[in-house]
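A.B. asks: First the structure, which I've put down as structure tokens, then a few questions once you've had a look.
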Amino acid sequence: MLGSTHGTFTNDLRARVVACGEPPLTAVHGTITAPGDRDVSGRPLHAPVPDLDRFFRPRSVAIVGASDAEGRPSTGITRQLIAWAERVGARVHPVHPTRTTVFGLGCSPSVGALAATLAEPVDLAVLLVADPLPVVEELAEAKVRFAVAFASGFAETGQDGAEAQERLAAAVRRSGIRLLGPNTNLNAFERFREDLDGPAIALITQSGHQGRPVHTLQELGVRLSHWAPTGNEADLETADFLSYFSQLPEVGAIACYVEGLKDGRAFLLAADRAARRGVPVVAVKVGRTETGARTAASHTGKLTGADQVVDAAMRQFGVIRVDGLDELQDTATLLARARKPVADGVVVYSISGGTGAHFADLATAAGLTLPTLSEGKQAELHQWIPPYLHVANPVDNGGHPVGDRRGRKIIDAILADSSVGVLICPITGPFPPMSDRLAQDLVDAAEATDKLVCVVWGSPVGTEAAYRETLLGSSRVATFRTFSNCIGAVKAYLDHHRFTTAYRSPFDEAPRTPSPSFRKSRALMRPGRQLSEHAAKQLLRAYGIRVPREQLVTSAAAAVRAAGLVGYPVVMKASGTRLAHKSELGLVKVGLTSASQVRDAYRELTDIARYEGVDLDGVLVCQMVGRGVEMVVGVTRDPLFGPTVTVGLGGVLVEVLNDTAVRVPPFGEPQARDMLGELRGRALLDGVRGAPPADVDALVEVVLRVQRMALELDGDLAELDINPLMVLPRGQGAVALDALAVCR
């Protein structure tokens, strides 16, 4: 048993979990390590970073199916690949069974024939053939490292296509080569501007067209370093590129468009690697709605995970999820370019009181902190701003000061305030020449400070010199076209740096070996069956989760004896392997205070069970537990991520309220507490309308113990539902009043 949940909660939950069987952790070169490279559920705790240097910068490229015949689709692709190879300094080797030359280059009849003539292996083979499967074995014999398959007609088309894709994937696994695709495109071989400097955005998309807006950012001066169009991901997947890009020193942020994740754990390990290195990951993940999820599955042939789980998993590992491609552009650009914040405070600076008030409302509602500037700072600003204007934050300058020397002095004075980390200037429309000078002052101030300066250029035209040349010409000013995108990007920027500063990888401390609780609980499992409430509570007790005093009885006389031992008042409940909602059938009796009531209750419960055709293993006589906050803690299995842990408001209205938060193991105590913070009803735990504060520490401990159970019993446990978990007043613990467990 893990230990009792009674009494005061300790400050170190990890120590308590380690004490129940976890091997000691060891610090090696600053990293927490432990025996084994898989957690107790058998999932990997480490993922290798693929070396994709020769994919993006090959020395030699074979184009299988190359053509220069006018009117053929492969001809245009061949032409583009030759131009790309020239830009990256790669030698091109066309391959075609009936041609001797393609665009003037000598052509080999097969991959094998090409390999026989070369002194070194080909780094990359691009397959312009309808069926790439027969070519894969040739590539393996020729020791080709990477291949790209453009062909469609695989998992995106249905069951037959999925089977064809699996045959291709199996051949790739046997061959040892790494394959991009099938159902991919030429985006990896686009032209990337080399005249731009600064941190770059690396792009990963499953749909090539959806990445086009991010690629076009280069026309606005934003550097893009790589584009990985993953397609159906028969082999190389989003996680591979995420891991690779997060290691590159030139990458300032990674932008992703994801339709379906191939492997949930691989994605989390890749996101963990980026979080450890502080590399921001911004993602659009489709599938928020049933329609979107269905469309995504038909497009890429992959499973779209339950969106609440995907959302929680991304948030756990610092992936910033946005909804629109415009948000993806703006947020990734800001995170790639901006330096680490020196303060969380945001000041809104405008030429209009209305603009400032509007923006401040939206920013505050989004969770940004707008500090009130000190009286001394306000007095300083009033040297240049008329005294009747508001300068506490937002700062309204009235317009005229931006047209002369006062404009720059105001900006510098705001940025000099120690509470200010971000200055945002919304310009809803151009008003030259003053707006031209304002833009220049903002650029000059941004170049001279380590704080973030943002501008919202609201003109729908976007051709003004102040915007196109002055603002976009500076990599130190973050320029947006809408209020909402600016606010979302700034919030993501501040949240990202708070997250990475405090980040500790949960994989470092994930349990590797089973606890003694595991051995006890395995004996309770009944494959393919639901456990009775009594057995489910034994399972909880094995993991140190407190349950009421209770006895299982099979006669009225035994029920009376049990009530005397448990102590009046008591609760009586029917117990059986097929009972899920006992209250609805009248199979729960509460507040029984005498032997006669217990005898009558026993007869009534067994009569109802007989009438309903429910098989019982007995009747539970249970301790009556005092009032507290009713919560639910549970385990379900997600097809992508495996076991997940849920906490929420419980009781009979759990389905109606649907106020829950979810996490994907492994996670630590801070994440367990964050789960509670996400609940709409979180205030109930703090005590409302005279109720005492609940024992939140005990609730957190239950969540962590349930997580341990979910990991250790992943092969045995399909579902667990503790409802209600009665969280008693502070210092009194939490008690599982009812439990349902379903075995795999």
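A.B. asks: Tally the residues that are surrounded by 14 or more Cβ atoms within 10 Å (Cβ to Cβ) and within 22 Å of L186 (Cβ to Cβ), restricting the search to segment 112-145.
C.D. replies: 16
A.B. asks: Then there is this: Go through L242, L248 for me and flag whichever is buried (at least 19 other Cβ atoms within 10 Å of the Cβ) and either in the same structural domain as A271 (by TED's automatic domain parsing) or not in a helix (DSSP H, G or I) (or both).
C.D. replies: On the way: L248 fails: buried (at least 19 other Cβ atoms within 10 Å of the Cβ).
The conditions single out L242.
A.B. asks: Could you check how many residues of segment 382-415 are farther than 23 Å from P433 by Cβ and assigned to a loop (DSSP other than H, G, I, E, B)?
C.D. replies: 9
A.B. asks: If I go through segment 84-111 residue by residue, how many of them are among the small types (G, A, S) and exposed (fewer than 15 other Cβ atoms within 10 Å of the Cβ)?
C.D. replies: 3
A.B. asks: Sticking with this one: Which of the residues that make up segment 472-487 are surrounded by fewer than 22 Cβ atoms within 10 Å (Cβ to Cβ), assigned to a helix (DSSP H, G or I) and in contact with a strand residue (DSSP E or B) (Cβ under 8 Å, 6 or more places away or on another chain)?
C.D. replies: F483
A.B. asks: Something else now. Give the number of residues within segment 148-194 that are part of a helix (DSSP H, G or I) and β-branched (V, I, T).
C.D. replies: 2
A.B. asks: Tell me the residue from V319, V284 that is under 14 Å from T500 (Cα atoms) and either assigned by TED's automatic domain parsing to the domain that holds A234 or modelled with pLDDT under 90 (or both), please.
C.D. replies: V319
A.B. asks: List, please: which pairs have Cβ atoms under 9 Å, are six or more places apart or on different chains, and start with a residue in segment 66-85 that is over 11 Å from L128 (Cα atoms) and end with one that is basic (K, R) and assigned to a loop (DSSP other than H, G, I, E, B)?
C.D. replies: Hits for this filter: D68/R99; A69/R99; A83/R191; W84/R191.
A.B. asks: List, please: which pairs have Cβ atoms under 7 Å, are six or more places apart or on different chains, and start with a residue in segment 51-64 that is over 19 Å from A239 (Cβ atoms) and end with one that is among the aromatic types (F, W, Y)?
C.D. replies: Going by the 7 Å Cβ cut-off, the qualifying pairs are R54/F146.
A.B. asks: While we're looking at this one, here's another question. Can you find even one residue in segment 578-596 that is surrounded by fewer than 20 Cβ atoms within 10 Å (Cβ to Cβ), part of a helix (DSSP H, G or I) and modelled with pLDDT of 95 or more?
C.D. replies: Yes - at least one qualifying residue is present in segment 578-596.
A.B. asks: Checking the condition over 30 Å from P527 (Cα atoms) and β-branched (V, I, T), which residue from V706, V656 passes?
C.D. replies: V656
Residue-wise test of (1) crowded, with 18+ Cβ neighbours inside 10 Å; (2) within 16 Å of S352 (Cβ to Cβ).
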{"residue": "P386", "(1), (2)": "no, yes"}
{"residue": "N393", "(1), (2)": "yes, yes"}
{"residue": "D396", "(1), (2)": "yes, yes"}
{"residue": "G399", "(1), (2)": "no, yes"}
{"residue": "D404", "(1), (2)": "no, no"}
{"residue": "R408", "(1), (2)": "yes, no"}
{"residue": "I424", "(1), (2)": "yes, yes"}
{"residue": "F431", "(1), (2)": "no, yes"}
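A.B. asks: Oh, and also: Quick check: is even one residue across segment 647-669 of a type in the set (D, E, K, R), more than 20 Å from the chain's Cα centre (by Cα) and at pLDDT below 95? Write out each step before concluding.
C.D. replies: Let us first name the residues in segment 647-669 that are of a type in the set (D, E, K, R), namely 655, 659, 663, 669.
Restricting the remaining residues to those that are more than 20 Å from the chain's Cα centre (by Cα) gives 655.
Next, from what is left, pick out any that are at pLDDT below 95: 655.
Yes, segment 647-669 contains a residue that is of a type in the set (D, E, K, R), more than 20 Å from the chain's Cα centre (by Cα) and at pLDDT below 95.
A.B. asks: If I ask for residues that are acidic (D, E) and under 14 Å from I351 (Cα atoms), which ones from segment 383-420 would you list?
C.D. replies: Answer for segment 383-420, where residues must be acidic (D, E) and under 14 Å from I351 (Cα atoms): D396, D404.
A.B. asks: For segment 256-283, what are the residues that are touching a residue at least 60 places away in the same chain (Cβ under 8 Å), charged (D, E, K, R) and under 22 Å from E156 (Cα atoms)?
C.D. replies: D263
The values are calculated or read from the model by the stated rules, or taken from the named source; none is laboratory data. All values reported here derive from a predicted model rather than from experimental measurement. Every residue, glycine as well, gets a Cβ built from its backbone with ideal geometry; the counts of neighbours run over all protein chains shown.
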